[in-house]
1. Mind ordering 8-15, 59-66 by average Cβ neighbours within 10 Å, highest first?
2. Under the Karplus relation 6.51 cos²θ - 1.76 cosθ + 1.60, θ = phi - 60°, what is the ordered set of whole-Hz ³J(HN,Hα) values for segment 26-35, x standing for Gly and Pro?
3. How are the alpha carbon pair distances in the chain distributed across 10 Å bins from zero to the largest one, expressed in percent?
4. In the chain, carbon and sulfur make up what percent of the accessible area (probe 1.4 Å)?
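The values are calculated or read from the model by the stated rules, or taken from the named source; none is laboratory data. Remember, predicted model here, so these are calculated numbers, not experimental data. Cβ atoms come from the backbone with ideal geometry, glycine included; neighbour counts cover every protein chain shown. Just so you know, the surface numbers come from the protein's heavy atoms only, side chains and all, with ligands and any DNA or RNA stripped out. Shrake-Rupley method; radii C 1.70, N 1.55, O 1.52, S 1.80 Å.
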Amino acid sequence: MTDNLRKTTKRTRLTPLGRFVVGFFFFLVTATLGAIVGYSLIGEGNPLEVFLPSTWIHLVEVLINSIG
């Protein structure tokens, strides 16, 4: 009787490659959201300017000049 009351559930587990893909996807989403929030709130710029190549070229130039 107690065996009939228990529900058997089948768990589906991701393969290591699947876990990597899901983890990489969440990393990209959080990195993109972080860049948008940082650029718009902290830098007081247009949030969509994060996706412009000129923004990233300027960022790399600033980092290189600050190191050297």
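1. Working: 8-15: 6.0, 59-66: 9.5.
The most tightly packed comes first, giving 59-66, 8-15.
2. Each residue of segment 26-35 in turn: 5, 4, 5, 5, 5, 5, 5, 5, x, 5 Hz.
3. Reading the bins upward from 0: 16, 26, 21, 16, 9, 7, 5, 1.
4. Values: 4470 of 6500 Å².
Here it works out to 69 percent.
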